[in-house]
Amino acid sequence: MRSVPLYAVGDRVRVRKAAPLGHVRTPYYIRGHSGVVERICGAFPNPEELAQQRDGLPAQPLYRVRFRQRDVWPGYRGGAADVLELEIFQHWIEP
Amino acid sequence: MIERGHHDMGGLPAGRVRRSEHAYEDWELRVDALMMLLIGVVGESRRMTVDELRKNVEALPPADYDKMGYYDRWVISLTQTMIQRGVITTDELARKLAAVQKRGQTSFSRRSRKSERGQKGK
């Protein structure tokens with residue numbers, strides 16, 4: 001049992017800006033930022049549900065999303081082409 | 001609401017990362033082994049998930065979180081998880097801790113304490 005992937009490689013996506021309780025895998029610093037889907041890693045039981053003794057199904061597609069470092073960090077002094085890749089579950093993504 | 005979890009410190013100012021390896025205490029190795037058994041990496045028991053471990057680590061009071069080492073957090077968290085799952089009760093845990101304390105120091109606890117002092121001196 002898994003959710004259908006809603007996004008494809010190359011899609012521009014935004015990480016939801018949310019602050020729920022419980023265990024979440026989406027780091028605070030990336031919430032609200034936009035990037036591009038680099039690959040679909042598969043689908044995995046939702047860790048937020050697993051943390052609460054539930055089965056985490058349907059499995060959530062997991063995306064590796066590529067962000068530009070200078071978009072993420074104010075005043076970033078590295079190269080303009082530097083990127084950061086994070087794995088983000090589908091329910092944390094919006095178009 | 002809690003905007004940002006205390007543990008969720010990516011991007012915040014911090015000191016230098018020490019890249020050197022260090023030896024683990026015997027008790028730390030035991031906690032690691034216990035965790036591998038409880039999540040079923042080794043054996044078939046599957047008494048908890050790594051996500052529950054994370055949830056309970058992240059629920060530690062910030063001041064305690066900062067004071068504790070990696071495996072201190074693990075042992076508190078997996079104990080908490082065993083209580084939440086009904087594998088042990090708080091009463092059983094309290095009585096066992098008291099019994100162990102009453103038993104006095106073992107060569108194991110003496111050794112651990114000694115090396116703790118050694119680490120602080122560095």
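A short reminder: the numbers here are calculations on the coordinates, not readings from a lab. Remember, predicted model here, so these are calculated numbers, not experimental data. With ideal geometry, Cβ positions are generated from the backbone for all residues, glycine too; neighbour counts draw on all protein chains shown.
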query: Under unit Cβ charges (Lys, Arg +1; Asp, Glu -1), what dipole magnitude, rounded to 20 debye, does the range B:25-88 have relative to its Cα centre?
result: 300
- request: Starting at the first residue of the range B:29-43, write each ³J(HN,Hα) from the Karplus equation 6.51 cos²θ - 1.76 cosθ + 1.60 with θ = phi - 60°, in whole Hz, x for Gly and Pro.
  value: 5, 5, 5, 4, 4, 4, 5, 4, 6, 5, 8, x, 5, 10, x
field: Efficiency of FRET from Cβ geometry, A:Arg14 and B:Tyr24, R₀ 41 Å, rounded to 0.05
entry: 0.50
query: Can you pull the percent of Cα pairs in the protein assembly as shown with separation above 25 Å?
result: 54
Proximal charge balance of A:Pro95 [Cβ under 13 Å; K/R count +1, D/E count -1]: +1
- prompt: Number of Lys-Lys pairs in the protein assembly as shown under 21 Å by Cα, sequence gap 8 or more or different chains?
  reply: 7
- prompt: Given charges of +1 on the Cβ of Lys and Arg and -1 on the Cβ of Asp and Glu, with all other atoms neutral, how large is the dipole of chain A about its Cα centre, in debye to the nearest 20?
  reply: 260
- line: Computed for the protein assembly as shown: size of charge dipole around the Cα centre, +1 on C-beta of each Lys and Arg, -1 on C-beta of each Asp and Glu, debye to nearest 20, value 740
query: How high is the relative contact order of the range A:1-65, given as a whole-number percent (alpha carbon pairs under 8 Å, six or more residues apart)?
result: 39
